[in-house]
1. For the subset of the stretch 32-56 comprising residues that are within 20 Å of the chain's Cα centre (by Cα) and among the β-branched types (Val, Ile, Thr), which member is farthest from residue 69 (Cα to Cα)?
2. Tell me the residue from 54, 69, 78 that is of a type in the set (Phe, Trp, Tyr) and open to solvent by 10 Å² or more (accessible area, probe 1.4 Å), please.
3. Across the stretch 10-27, what is the number of residues that are outside any helix (DSSP H, G or I) and either within 18 Å of residue 108 (Cβ to Cβ) or in contact with a Cys (Cβ under 6 Å, 6 or more places away or on another chain) (or both)?
4. State the number of residues belonging to the stretch 165-201 that are free of Cβ contacts under 8 Å to residues at least 12 places away in the same chain and in a loop (DSSP other than H, G, I, E, B).
5. Considering only residues of the stretch 299-322 that are more than 16 Å from ligand 2 (Cβ to nearest atom) and of a type in the set (Lys, Arg), which is farthest from residue 261 (Cα to Cα)?
6. Taking the stretch 300-318 on its own, how many of its residues are open to solvent by 30 Å² or more (accessible area, probe 1.4 Å), within 28 Å of residue 219 (Cβ to Cβ) and within 16 Å of ligand 1 (Cβ to nearest atom)?
7. Could you check how many residues of the stretch 102-133 are within 15 Å of ligand 1 (Cβ to nearest atom), farther than 20 Å from residue 13 by Cβ and surrounded by fewer than 17 Cβ atoms within 10 Å (Cβ to Cβ)?
8. Is it true that residue 263 is assigned to a strand (DSSP E or B) and either within 13 Å of ligand 1 (Cβ to nearest atom) or aliphatic (A, V, I, L, M) (or both)?
Amino acid sequence: MKILVTGGTGYIGSHTVIELLNAGHEVEIIDNLCNSSKTALDAIEKITGIRPVFYEIDLCNKTDLKKIFKDSEKTNRFDAVIHFAGLKAVGESVEQPLKYYNNNLVSTLNLLDCMAEYNVKQLIFSSSATVYGNPGDGACTEDLPTGQGIASPYGKTKYMIEEILKDVAAADSTFQIALLRYFNPVGAHPSGLIGEDFSGRPNNLMPIIMKVDHGDYPELSVYGDDYPTPDGTCIRDYIHVVDVARGHLAALAALRSGAREWNLGTGKGTSVLEMISAFEKASGKKLPYKIAPRRAGDLPKLYANPARAASELGWKATLTIDDAMRDTINYLEHLKA
Ligand code: NAD
Ligand code: WQD
């Protein structure tokens with residue numbers, strides 16, 4: 001298949017491009033490089049031997065986007081789009097909501113207009129477990145209500161886009177849309193050549209652990225150890241980014257008329273202290289940390305029930321937290337070399 005990947009130089013996008021190329025698909029990438037760089041293209045080429053066509057454009061610029069779809073008519077039309085592009089910093093979205101609503105919504109609307117005009121009707125969208133809001137204690141299943149109690153404008157853009165995509169698919173039965181709800185992607189490519197960018201001021205646990213290991217921060221602050229969990233720290237469903245990437249290939253093969261949601265998670269919860277121990281085990285070094293106050297908006301426990309993806313996509317996470325830590329450390333070593 002010929003696949004257009006938006007956000008394809010980013011963290012999850014670049015790992016997915018590698019899996020797509022390895023599976024024999026033709027890939028073209030759009031990214032405005034606001035949170036990634038062209039070095040991802042070098043790494044993709046090194047790993048796969050293929051350098052995908054790259055368009056450095058902003059999806060919010062409809063004229064530029066339309067040109068790509070129009071030009072593809074002359075050669076070979078896209079069969080599908082995988083839409084990773086978006087802003088994702090939860091804290092920043094609280095401070096600058098309009099930046100998030102503009103970027104994430106306008107880019108998606110432009111993409112949908114072009115897809116409709118040029119008859120490209122298969123779409124995979126990067127959604128998030130954040131759409132469940134505050135789902136309570138158990139594992140999240142896809143039929144839980146969404147949209148209530150979402151803590152950030154970022155999370156609300158994911159919910160809003162899901163709703164838009166459901167409406168589009170309901171109005172035009174030729175659309176085939178997958179809404180993939182990622183839990184907490186971590187890890188790096190086993191080659192050590194690509195991984196998560198931890199420059200800047202990340203909010204997420206793993207890039208902050210990477211910053212501490214790299215010597216940029218003196219220690220990790222563990223946000224709260226008085227939650228109702230076995231060790232008092234929050235529990236999340238951390239999933240290896242290569243497993244997430246492979247979930248997209250499984251979804252591509254299973255697309256049907258309509259919009260359907262699938263969780264991409266492991267089904268297993270891991271606490272912050274367990275993540276620290278796993279990192280220490282893999283690196284052979286102590287990771288300095290302190291217990292800090294709770295972070296506003298954090299849920300004690302959030303993890304997936306991945307049964308729907310297993311039965312309908314034939315996809316299951318196969319890699320472990322230890323694999324993710326090993327690959328992260330390998331990536332950090334490559335950066336130092
Ligand atoms: P990322 O920031 O590494 O990748 C997103 C890419 O989109 C970046 O390369 C950025 O430059 C590009 N981009 C942003 N706005 C654009 C625009 N208007 N035009 C063109 N390119 C644009 O993020 P990621 O971690 O790879 O996440 C990919 C997707 O998955 C995002 O939509 C994110 O919200 C979603 N997601 C991520 C996580 C996570 O924890 N990483 C969890 C759930 C969902
Ligand atoms: C994980 C755990 C923190 C940093 C966010 C988004 C969600 C999704 C994934 C995109 C929590 C703890 C963290 C630190 C810590 N992204 N922590 N010290 O909050 O589960 O989800 O990323 O869709 O929408 O909200 O992930 O990595 O920020 O936090 O103790 O310095 O690590 O309290 O328990 P989260 P996270």
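1. Top of the filtered list is 39.
2. Numbers: 69 fails: open to solvent by 10 Å² or more (accessible area, probe 1.4 Å); 78 fails: open to solvent by 10 Å² or more (accessible area, probe 1.4 Å).
The unique qualifying residue is 54.
3. Residues of the stretch 10-27 outside any helix (DSSP H, G or I): 10, 23-27.
This time we only want the ones that are either within 18 Å of residue 108 (Cβ to Cβ) or in contact with a Cys (Cβ under 6 Å, 6 or more places away or on another chain) (or both), so: 10.
Number of matching residues: 1.
4. Step one: of the stretch 165-201, the residues free of Cβ contacts under 8 Å to residues at least 12 places away in the same chain are 167, 171, 199-201.
Now narrow it down to the ones that are in a loop (DSSP other than H, G, I, E, B): 199-201.
Qualifying residue count for the region: 3.
5. Of everything passing the filter in the stretch 299-322, 316 is farthest from residue 261 (Cα to Cα).
6. The initial filter retains those residues of the stretch 300-318 that are open to solvent by 30 Å² or more (accessible area, probe 1.4 Å), namely 300-301, 303, 305-308, 310-312, 314, 316-318.
Cutting the leftovers down to within 28 Å of residue 219 (Cβ to Cβ) gives us 300-301, 303.
Of the ones still in play, those that are also within 16 Å of ligand 1 (Cβ to nearest atom) are 303.
Qualifying residue count, the stretch 300-318: 1.
7. 2
8. Working: assigned to a strand (DSSP E or B): yes; either within 13 Å of ligand 1 (Cβ to nearest atom) or aliphatic (A, V, I, L, M) (or both): yes.
Yes; evaluated as a whole, the condition is true for this residue.
The values are calculated or read from the model by the stated rules, or taken from the named source; none is laboratory data. It should be emphasised that the depicted structure is a prediction, and the values quoted were computed from it without experimental measurement. Cβ sites come from the backbone with ideal geometry, for glycine too, and all protein chains shown count toward neighbours. The area values use the complete protein model at the heavy-atom level, side chains included, leaving out ligands, DNA and RNA. Shrake-Rupley method; radii C 1.70, N 1.55, O 1.52, S 1.80 Å.
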